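Before any comments, here is the structure.
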Amino acid sequence: MVEVDISENEAALYDRQIRLWGVEAQKRMRDAKVLICGLRGTTIELCKNLILAGISVTIQDSDTVKPEDLGTQFFLREEDIGKNKVEASQARMQELNPLVEVSILVKPLADLDGAIISKFDYVCACATKSVGSLIKLNNVCRENSALFFCTDSFGLYGYLFLDLGNEYKYIETTIETPKPGEEGEEEKKIQKEQILRFSTLEEAINTKWKSLSTKKRKRVPETFFTLRTLYEVEKANKISNGNETKIEMDAVLEKLLKNEQMEPAQLFQTENVLESAETARLGAEINP
């Protein structure tokens, strides 16, 4: 790839952020290939922030605009009802920053295969209703070296999951202070490369609860159990017609707890998990 320097227009528009993180970081941001899947209140906010920061995005969604979308998606208008979401949003997103490119992809999430994903460096998806589709997309991202993020908000609940691959490298900086009596009084900055291994969504969602230590259980958010409950309902083919009830979800959650030999009080408040699962099923959200 031929490296292109920051133009005068870019330097003028992004002056404040370039002062913060430097020209090289801005060039990497400009050259990043980002796919955002599913236009909901959460990802709309993400699109706005990325575009204003100088990052080109491709937005994907095959759904049409519904009246309830107008309350959480500020790029949509009443006259857009019935139109495809990304087609209705593209021009208004592009107006935010003429120096980036806003592209659209009108395809169902389930149809995003390796040929498409291989064109991107980062993929962020928002589609809690189908946890299975998120798992499939995450696996395709792994196969094509794309970093994967998924997020959503439903009512007062929300979550963020990220999979940065098997070998995510970063630099850890520590400060070494001389001990009393040692020669030299200056602090030393020590940088060391570290490697993190991230789990896939499939691995995380299928984690055995009883295998977690007490300390780890306390760190697991309730929304994890919400996603697990939704996934089990989905696998049981109850979510396809959208008629499952809170009682059915309660039965699924009770079965999960029985299989894990765990008491709800050790993990979460049952009512909170059922409430968030029901809200997610309905697609309800609050603009973040």
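The table below lists the values:
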read-out	value
Any hit, the stretch 134-145, residues being on the phi > 0 side of the Ramachandran plot and open to solvent by 60 Å² or more (accessible area, probe 1.4 Å)	yes
Members of the stretch 82-135 that are β-branched (Val, Ile, Thr) and touching a strand residue (DSSP E or B) at 6+ places or on another chain (Cβ under 7 Å)	Val86, Val102, Ile104, Val106, Ile117, Val123, Thr128
Residue selected from the stretch 25-81 under the condition among the small types (Gly, Ala, Ser) and part of a helix (DSSP H, G or I), by the criterion farthest from Ser145 (Cα to Cα)	Gly71
Number of positions in the stretch 91-105 that are assigned to a helix (DSSP H, G or I) and open to solvent by less than 60 Å² (accessible area, probe 1.4 Å)	3
Filtered residues of the stretch 27-49 (kept if buried (at least 21 other Cβ atoms within 10 Å of the Cβ), farther than 24 Å from Leu156 by Cβ and either modelled with pLDDT under 95 or over 17 Å from the mean Cα position of the chain (by Cα) (or both))	none
Residue match in the stretch 192-203 (condition: among the aliphatic types (A, V, I, L, M), touching a helix residue (DSSP H, G or I) at 6+ places or on another chain (Cβ under 8 Å) and open to solvent by 40 Å² or more (accessible area, probe 1.4 Å))	no
From the options Ser153, Ser199, residue that is in a loop (DSSP other than H, G, I, E, B) and either within 19 Å of the chain's Cα centre (by Cα) or among the aliphatic types (A, V, I, L, M) (or both)	Ser199
Residue in the stretch 71-80 that is hydrophobic (A, V, I, L, M, F, W, C) and touching a residue at least 24 places away in the same chain (Cβ under 8 Å) present	yes
Any chance Phe120 is open to solvent by less than 70 Å² (accessible area, probe 1.4 Å), part of a loop (DSSP other than H, G, I, E, B) and closer than 24 Å to Tyr168 by Cβ	yes
Residues located in the stretch 168-223, provided they are among the aromatic types (Phe, Trp, Tyr) and in contact with an Asp or Glu (Cβ under 9 Å, 6 or more places away or on another chain)	Tyr170, Phe198, Trp209
Residue match in the stretch 108-125 (condition: closer than 30 Å to Val233 by Cα, under 15 Å from the mean Cα position of the chain (by Cα) and without any contact (Cβ under 8 Å) to a residue 60 or more places away in the chain)	no
Selection count, the stretch 150-169, where residues are on the phi > 0 side of the Ramachandran plot and modelled with pLDDT of 85 or more	1
Residue list for the stretch 156-169, restricted to those being assigned to a strand (DSSP E or B) and of a type in the set (Gly, Ala, Ser)	Gly158
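Yes/no matrix, rows are residues, columns are (1) at positive phi; (2) open to solvent by 60 Å² or more (accessible area, probe 1.4 Å); (3) without any contact (Cβ under 8 Å) to a residue 40 or more places away in the chain:
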| residue | (1), (2), (3) |
| --- | --- |
| Arg19 | no, yes, yes |
| Leu52 | no, yes, no |
| Pro67 | no, yes, yes |
| Lys85 | no, no, no |
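Conditions (1) part of a strand (DSSP E or B); (2) modelled with pLDDT of 85 or more; (3) within 22 Å of Ala236 (Cβ to Cβ), marked per residue:
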position	(1), (2), (3)
Ser145	no, yes, no
Phe148	yes, yes, no
Ile171	yes, yes, no
Gly181	no, no, no
Gly184	no, no, no
Ile195	yes, yes, no
Ala204	no, yes, yes
Lys218	no, no, no
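The values are calculated or read from the model by the stated rules, or taken from the named source; none is laboratory data. Since the model is a prediction, treat every value here as computed from it, not as a measurement. Quick reminder, even Gly has a Cβ in these numbers, built from the backbone with ideal geometry, and neighbours come from all protein chains shown. Quick note on the areas: whole protein, heavy atoms, side chains included, nothing else; ligands and nucleic acids left out. Shrake-Rupley method; radii C 1.70, N 1.55, O 1.52, S 1.80 Å.
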